[in-house]
1. Of all residues in the stretch 94-137, which are within 30 Å of residue 46 (Cβ to Cβ) and assigned to a helix (DSSP H, G or I)?
2. Could you check the stretch 272-287 and list, in sequence order, the residues that are closer than 22 Å to residue 330 by Cβ and away from the ligand (no atom under 11 Å from the Cβ)?
3. Can you work out which of the residues in the stretch 288-310 that are within 29 Å of residue 340 (Cβ to Cβ) and in a loop (DSSP other than H, G, I, E, B) is farthest from the ligand (Cβ to nearest atom)?
4. In the list 252, 280, 265, which residue meets the criterion of being at pLDDT below 90 and among the small types (Gly, Ala, Ser)?
5. Can you confirm whether the stretch 269-280 contains a residue that is in the same structural domain as residue 17 (by TED's automatic domain parsing), of a type in the set (D, E, K, R), over 30 Å from residue 75 (Cα atoms) and outside any helix (DSSP H, G or I)?
6. Scan the strands (runs of 3 or more DSSP E) fully inside the stretch 139-207 and keep the ones with 1 or more residues being free of Cβ contacts under 8 Å to residues at least 40 places away in the same chain and of a type in the set (Lys, Arg).
7. I need the full set of residues from the stretch 324-341 which are within 15 Å of the ligand (Cβ to nearest atom) and either closer than 16 Å to residue 296 by Cα or among the charged types (D, E, K, R) (or both), in order please.
Amino acid sequence: MKIAVIPGDGIGPEVIKQACKVLDKISQIFNIEFELKEVLMGGIAIDRTGVPLPEETLDECKKSDAVLLGAVGGWKWDSLPGRLRPEAGLLGLRKGLGVFANLRPAMLFPQLKSASTLKEEVLGDGLNIMVVRELTGGIYFGQRGRRDISGGQEAWDTEAYTSMEIERVARLAFEISGKRQCKLTSVDKANVLESSRLWREVVCQVAKEYPDITVNHMYVDNAAMQLIRNPRQFDVIVTSNMFGDILSDEASMLTGSLGMLPSASLGEGTLGLYEPIHGSAPDIAGQDKANPIATILSVAMMLRYSFQLEAAAAAVEAAVCRVLDKGYRTADIMQPGMILTGTEQMGDLVVDEIC
Ligand code: NAD
């Protein structure tokens, strides 16, 4: 199984190193061979090649079975023009890989309940919501413009979806629901928007192929409210690009720390892009302070979604749980009475717990 590894900038290389140790342990225990190839992207690529996403990097990623990314960006490159900034590499990579669905699990480990802004009774035993966001259509890619009108200007953006775009992301969400609690919430604004009415029609159509999955439809304003009021009612949420952008941030913040949250971006085949949701955290880079768990859990997602290695994915997640149970915490999730660990030690602790 070929994995293109992009350490990137800031804390990227530090957290990726821990994720690679995890892959190594999985390889030994489950007797699977991973072929890792490190490639350049982001600020480091700008420094060495002049562009944030060199062609060789994209080629290598396309030839791989999965891509593991740390994070890109940093103060050093902040004054460059947009298309030459590290983040442009990220957009180019997503586009080049043809990934159209972004999966963001919002998991709150019971051990970290106090990190959430919600009351303990609302959180129950913890949270585990998967937001599936359409990534390449909708208003972020629709026609936009401005024109002068009497007394000022007018600006517009267009939310447009084809049934094909909705169908492929809906199908993926149904498949994911089938691997979880068989409960899917489709979020739209069908009481107002025509694009949402098409969204709902297509989701209902696809639902006929998945009779075991319970589907409900929710307006986006209600979904935003329900995530705060009773987040445990959700298992998988599927929604459009803009609604997903907002709801996935809201859902992830229910869990408290950026350093704990993985993500996956998937397309038609099994090739996926796996990365923590956090950035390159230049403020703590090189200090052994970064929490590597988000990247380690991204590896678990890779094992599950690109390699169909459910047992290996579950082994990584269980190892993270056991390390938290034993009281080890990086600085971002530190609580009184717990044991403070650095990036390297946290990586080693998780590796030791994988069985
Ligand atoms: P950030 O996520 O890097 O950091 C926000 C805060 O969270 C910082 O205080 C940081 O120290 C902390 N933090 C983040 N990850 C952590 C971890 N694993 N462990 C402990 N603490 C952690 O966001 P930012 O500061 O807005 O952005 C910094 C740079 O990262 C910018 O150049 C930005 O463009 C880039 N960025 C990249 C990505 C990506 O590569 N996917 C995503 C977001 C931001």
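1. 94, 95, 96, 97
2. Matches in the stretch 272-287: 274, 286.
3. Across the stretch 288-310, the extreme among qualifying residues is 288.
4. 252
5. For the stretch 269-280, residues in the same structural domain as residue 17 (by TED's automatic domain parsing), of a type in the set (D, E, K, R), over 30 Å from residue 75 (Cα atoms) and outside any helix (DSSP H, G or I): absent.
6. 144-149
7. 324, 328, 329, 330, 332, 333, 341
Yes or no, residue by residue, for (1) buried (at least 24 other Cβ atoms within 10 Å of the Cβ); (2) assigned by TED's automatic domain parsing to the domain that holds residue 168; (3) of a type in the set (A, V, I, L, M); (4) within 16 Å of the ligand (Cβ to nearest atom):
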{"site": "215", "(1), (2), (3), (4)": "no, yes, yes, no"}
{"site": "227", "(1), (2), (3), (4)": "no, yes, yes, no"}
{"site": "237", "(1), (2), (3), (4)": "yes, yes, yes, no"}
{"site": "249", "(1), (2), (3), (4)": "no, yes, no, yes"}
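The values are calculated or read from the model by the stated rules, or taken from the named source; none is laboratory data. Just so you know, these numbers come straight off a predicted model, no measurement behind them. Note that each Cβ is placed from the backbone with ideal geometry, even for glycine, and that neighbours are counted across all protein chains shown.
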